[in-house]
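Below is one structure, written out as structure tokens; comments come after it.
The values are calculated or read from the model by the stated rules, or taken from the named source; none is laboratory data. Not measured: the values here are computed from a predicted model. Here the Cβ positions follow ideal geometry from the backbone for every residue, glycine too, while neighbour counts run over all protein chains shown. Accessible surface is based on the protein model in full, side chains and every heavy atom, while ligands, DNA and RNA are left aside. Shrake-Rupley method; radii C 1.70, N 1.55, O 1.52, S 1.80 Å.
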Amino acid sequence: MIKVGIVGATGYTGRELLRLLRQHPEVESLAILSARTGDKSETLPPPLGDTVHPFELDRLSGCAAVFLCTPHHMASQLVPQLLDRGITAIDLSADFRLKSATVYRQAYGVDHASPELLARAVYGLTEFAREELPGARLVANPGCYPTSILLALKPLLNTRALDRSFPIVCDSKSGVSGAGKQPTETTHFGNVHENFKAYGVGSHRHLPEIRQESGVSDLVFTPHLLPVFRGILSTLYVRPAAGHSAASLRTILAERYAREPFVQVCPEGQFPETGHVLLTNRCALGVGACGDLVILVSAIDNLVKGASGQAVQNLNAVFGFPEVAGLR
Ligand SMILES: NC(=O)c1ccc[n+]([C@@H]2O[C@H](COP(=O)([O-])OP(=O)(O)OC[C@H]3O[C@@H](n4cnc5c(N)ncnc54)[C@H](OP(=O)(O)O)[C@@H]3O)[C@@H](O)[C@H]2O)c1
């Protein structure tokens, strides 16, 4: 059993981690920290009720792993200190997802604080990183939109089942918790309630991550903001390669994920809904046809498979625990 730390426990993903780690059979104690320094502790509201201590590196001593639930540009400053102390870092922010510091600068508008570590980070889309995760010291937990899209796409790209002369179009919708707990002009209740909008059109920060991890440099991605709290539904438009159909693409996905505990493929005629995966670490996939095109639908809970649940799945893979530990 191990001690685990959470930095940024006052935020949405930090609190979700607390919910999951409380029931994790291999985690015997937790260091629950804010990402801010100072001298005032804070008590989380019910039902958690945990005390969150101000950030201090020494409070993480004895931790085998630390989850970083911090805004971008913070993990890249903390990770070198964690690695120096022999602590495995699982970063939920975007700091270690992109392999290029130049692309990171373009997407996030700041210079990366530890670019020399980018090559060491394992991109933790767990189902596709099982060889690199055991014993990894630095895990870049994927973004929520990329998780929903890549789980639908990667098996089809890997088997060359798509006609790449047709653009892959990804139309995603997210609940407002995807933006974190701090309300903004776009995300406060008055602008979200009874409203629905596209944002980040052609320029969202997750676009370079999705392109990098899919290898599709002209992939199109448009996110939308749903008037709900949790959940992502991504609808992907693809053209199958010669000899393929919606049925054969569904078979490829079903076979690839047949033994996966957290990815399920719906039978013909059924499509996932965000309500089907709420509060779970599951990704549900559906496949249909419209003329020559195939429509892939992917649903996840952005705070679980899109963030904290996948982070726990990665912890399990790094330390050799059963992958479902703490996630059932
Ligand atoms: N929400 C999602 O669905 C999701 C999914 C995947 C990845 N992520 C990523 O995970 C990370 C955390 O996301 P979240 O949704 O948990 O965000 P959040 O709810 O906004 O929480 C952010 C955390 O960072 C702290 N923080 C914010 N600004 C800070 C500053 N200037 N200095 C020190 N600490 C600061 C907050 O502390 P205070 O409470 O003291 O403000 C809080 O603990 C982000 O990088 C996000 O992009 C989020």
Expressed as a whole-number percentage, the relative contact order of the chain with C-alpha contacts under 8 angstrom and at least six residues apart is 18
Within the accessible area of the chain (1.4 Å probe), percent carbon and sulfur = 51
Asserting the computed 222 nm helical MRE of the chain (DSSP H runs at least 4 long, -39500 (n - 2.57) per run, divided by residue count, to nearest 500) equals -7000 deg cm²/dmol
Prolate/oblate/rounded call for the range 40-192, Cα gyration tensor, a/c under 1.5 rounded = oblate
Sort the range 136-211 into rounded, prolate or oblate with this rule: let a ≥ b ≥ c be the square roots of the eigenvalues of the Cα gyration tensor; rounded if a/c is under 1.5, and if a/c is not under 1.5, prolate when a/b is larger than b/c, oblate otherwise.
-> oblate
Please tell me the relative contact order of the range 190-238 in percent, rounded to the nearest whole number, where contacts are Cα pairs under 8 Å and at least six residues apart.
-> 49
Packing-based order for 235-242, 290-297, using average beta carbon neighbours within 10 Å, highest first | 235-242, 290-297
Report the charge-dipole magnitude of the chain in Debye, nearest 20, computed about the Cα centre from +1 at each Lys and Arg Cβ and -1 at each Asp and Glu Cβ.
-> 160
Using the heavy atoms of the protein chains and a 1.4 angstrom probe, tell me the accessible area per residue for the chain in square angstrom.
-> 42
Which lysines, on any chain, are close to Lys154 with Cα under 29 Å apart, when same-chain ones fewer than 8 places away are left out?
-> Lys99, Lys173, Lys197, Lys305
If each part is reduced to its alpha-carbon centroid, the range 165-211 and the range 23-48 end up apart, in Å, by 29
Stokes-Einstein D (µm²/s) once Rh is taken as the Kirkwood radius of the range 1-129 over alpha-carbon pairs, at 25 °C in 0.890 mPa s | 160
Give me the angle, in degrees from 0 to 90, between the Cα long axis of helix 309-319 and the longest principal axis of the Cα atoms of the chain, rounded to the nearest 10.
-> 70
Highest mean first, what order results for 300-310, 36-46, 83-93 on Cβ atoms within 10 Å?
-> 300-310, 83-93, 36-46
Mind running the shape call on the range 175-328? Use the C-alpha gyration tensor, a ≥ b ≥ c as the square roots of the eigenvalues: rounded below 1.5 for a/c, prolate if a/b tops b/c, oblate otherwise.
-> oblate
Of Ala136, Pro71, Leu150, farthest towards positive along the dipole that unit charges on Lys, Arg, Asp, Glu beta carbons give the chain = Leu150
Reachable aspartates and glutamates from Lys40, Cα under 20 Å, same-chain residues fewer than 8 places away excluded?
-> Asp50, Glu56, Asp58
